[in-house]
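The values are calculated or read from the model by the stated rules, or taken from the named source; none is laboratory data. These numbers were taken from a predicted model, which means no experiment stands behind them. Cβ: placed from backbone, ideal geometry, glycine included. Neighbour counts: every protein chain shown. We work out accessible area using only protein heavy atoms, side chains counted, and drop any ligands, DNA or RNA first. Shrake-Rupley method; radii C 1.70, N 1.55, O 1.52, S 1.80 Å.
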Amino acid sequence: VIHSFSVNKLKKKGNGYIISDGKNSIFTDILIISTGGQAAPVLGSTGDAVKLLDEFGVTFTKRYPGLVGLKTAKEDIKGLSGLRMKAEVTLVDNETEVFKEKGEIQFKDDGISGIVVMNATSKLVRNHTLKMYIDFLPTLEVEEITEYIKNKQVIYGNFEIINLLIGLVPNVFGIKILKDLGINATLKIKHLEKSAILKIASILKRYKIHFISPYGYDRAQVTVGGIDLKEVNENLELLKLANTYVCGEVLDIDGLCGGYNLHFAFASA
């Protein structure tokens, strides 16, 4: 066992390989590359496998931070930093749902996070054309929300509209929704028009998030992308480098939150 040996060069020699740290070299007849991806570089993941295998023509798919929070347009989250809400996130590709999951969303100064968002981000980085919507009241239909608001008009008609969504969503978020829709905060609840009620209900059910980018590898739990699966056989041996095997996150395989990535690392090893 040799430790603290930082491999920066790989050279083929006969039926084996020479690995080097720049000063010392080791000959081996079998290689197992389990260097991981680029997520959490503080733990040593630097994407070194790309440098080692690139000169041998091994194809890597494009790599992104995965299972990580998402930077969004600031207007989508303005004033919500620190807020946590349970909701349902949906990703849509040309009106076809490709992802839907419920969970807690955490609002930050420049984006959103939470397990459901992290799972969605791993999908988004693969396809930047996807559209993201959040349903903040997944247990209610639009009709039920409009009926709730109409009942409030009867009971609390003389209250200012700033109190309208108390009981449905956190007040700070309710105020933002009303402001986004251009509804006068000093208006009496009883004076709210039917069209405005429908807009409020609709936006609560389908709040569009304009994503900018994932947070960086320093916050990511996994790397999306890696060695193209066409480069390996069923034993995870590289087709272009006999007796060289790859496993874990260095491959273009990643899963959702829940231990799946750890399991694959162990299983493939």
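Descriptive notes on the structure:
- Square roots of 5 times each gyration tensor eigenvalue, C-alpha, the range 1-77, largest first, Å: 34, 15, 9
- Probe 1.4 Å, accessible area per residue of the range 138-269, Å²: 55
- Residue-by-residue Karplus 3J(HN,Hα) for the range 178-189, coefficients 6.51, -1.76, 1.60, Hz, glycine and proline x: 4, 5, 4, 7, x, 8, 4, 5, 8, 5, 6, 4
- Charge tally around Ser20: other residues with Cβ under 12 Å, Lys/Arg +1 each, Asp/Glu -1 each, net +3.
- The range 1-136, accessible area per residue, ligands and nucleic acids excluded (1.4 Å, Å²): 55
- The chain: calculated mean residue ellipticity at 222 nm from DSSP helix runs of at least 4, using -39500 (n - 2.57): -7000 deg cm²/dmol
- Loop-resident sites, the range 4-47, for trypsin sites (Lys or Arg not before Pro), counting at most 13 other Cβ within 10 Å (DSSP): Lys23
- Projected over every direction and averaged, the convex hull enclosing the alpha-carbon atoms of the range 123-269 yields 12.6 nm².
- Chymotrypsin sites (Phe, Trp or Tyr not before Pro) restricted to the range 1-107 and DSSP loop, no more than 16 other C-beta within 10 Å: Phe5, Phe56
- Selected from Gly69, Ser20, Leu198, residue furthest toward positive end of dipole (the chain; charges at beta carbon): Leu198
- Here the chain has 53 percent of its accessible surface on carbon and sulfur atoms, given a 1.4 Å probe and all protein chains in place.
- Ordering Tyr156, Tyr207 by accessible surface, largest first, gives Tyr156, Tyr207; the 1.4 Å probe counts only protein heavy atoms, with every chain in place.
- For the range 168-269, the set of trypsin sites (Lys or Arg not before Pro) satisfying both a DSSP loop assignment and a count of at most 16 other C-beta atoms within 10 Å is given as Arg206, Arg219, Lys240.
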